[in-house]
Amino acid sequence: MESRVLDSRLVSGGTVTWRRRECDACKRRFTTYERVELSLPVVVKKDGQRVPFDRTKVLASLRIACNKRPVSPETLEEEAEALELELSESGDREVSSMVIGERVMDRLERLDQVAYVRFASVYKSFRDIDEFMREMSGLVRPKDGE
């Protein structure tokens, strides 16, 4: 229960404090991470259910969409943290799960278009190939001279 801090640093863009500690009793060393607890809005799901915002769910979705893509785990962590901070700073008491999904898609579109299409195909529940192709056509950019 009693320990002393040997070293301390800010990590994850200054949102987390990393501390190296030593137990006063057994002299073992260990690491702790301290994250500021943000006041986050409640998420209103499609069925009207209200649940606490969970950054790990956003991160899991980002990881699935970016599986085997050239996007680093650190980048995904940063995007999840940025979305969490954005929601916290909004001051809203509630946020629709649809809004969160749209913001995740915006981030993925900038990061990796394949990951964006993966996420969008599940999130938007395309009814047929035509809907899917319309979404894809918005991503296709004409080559120079065309």
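The values are calculated or read from the model by the stated rules, or taken from the named source; none is laboratory data. Quantities reported herein were computed from a predicted structural model and do not represent experimental measurements. In this analysis, Cβ positions are derived from the backbone assuming ideal geometry, glycine residues included, and neighbour counts consider all displayed protein chains.
Here are some notes:
- Evaluation of D54 against (1) of a type in the set (D, E); (2) loosely packed, with under 10 Cβ neighbours inside 10 Å; (3) closer than 16 Å to L85 by Cβ (one fails), failing number: (2)
- Subset tally (residues that are within 18 Å of T75 (Cα to Cα) and at pLDDT below 85) for the range 97-146: 0
Yes/no per residue for (1) more than 22 Å from L40 (Cβ to Cβ); (2) surrounded by fewer than 18 Cβ atoms within 10 Å (Cβ to Cβ); (3) aliphatic (A, V, I, L, M):
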{"position": "L59", "(1), (2), (3)": "no, no, yes"}
{"position": "E77", "(1), (2), (3)": "no, yes, no"}
{"position": "E84", "(1), (2), (3)": "no, no, no"}
{"position": "S90", "(1), (2), (3)": "no, yes, no"}
{"position": "A115", "(1), (2), (3)": "yes, no, yes"}
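- Contacts under 7 angstrom Cβ, first residue in the range 70-89 being under 21 Å from Q113 (Cα atoms), partner at pLDDT 90 or above and not in a helix (DSSP H, G or I), 6 or more apart: V71/D112; L76/C66
- Strands (runs of 3 or more DSSP E) contained entirely in the range 1-113, each with at least 1 residues that are touching a Leu at 6+ places or on another chain (Cβ under 8 Å) and under 30 Å from S137 (Cα atoms): 94-96
- Residues satisfying the stated conditions in the range 49-65, i.e. among the polar types (S, T, N, Q) and under 9 Å from the mean Cα position of the chain (by Cα): T56, S61
- Single residue of the range 1-48 satisfying the filter (within 27 Å of S88 (Cβ to Cβ) and of a type in the set (F, W, Y)) that is surrounded by the fewest Cβ atoms within 10 Å (Cβ to Cβ): Y33
- Of V51, V43, V11, V16, all but one fail to be in contact with a helix residue (DSSP H, G or I) (Cβ under 6 Å, 6 or more places away or on another chain), within 30 Å of R118 (Cβ to Cβ) and of a type in the set (V, I, T); the exception is V43.
- Test for V99: is it over 21 Å from V11 (Cα atoms), under 17 Å from the mean Cα position of the chain (by Cα), surrounded by fewer than 17 Cβ atoms within 10 Å (Cβ to Cβ) and not assigned by TED's automatic domain parsing to the domain that holds S12: yes
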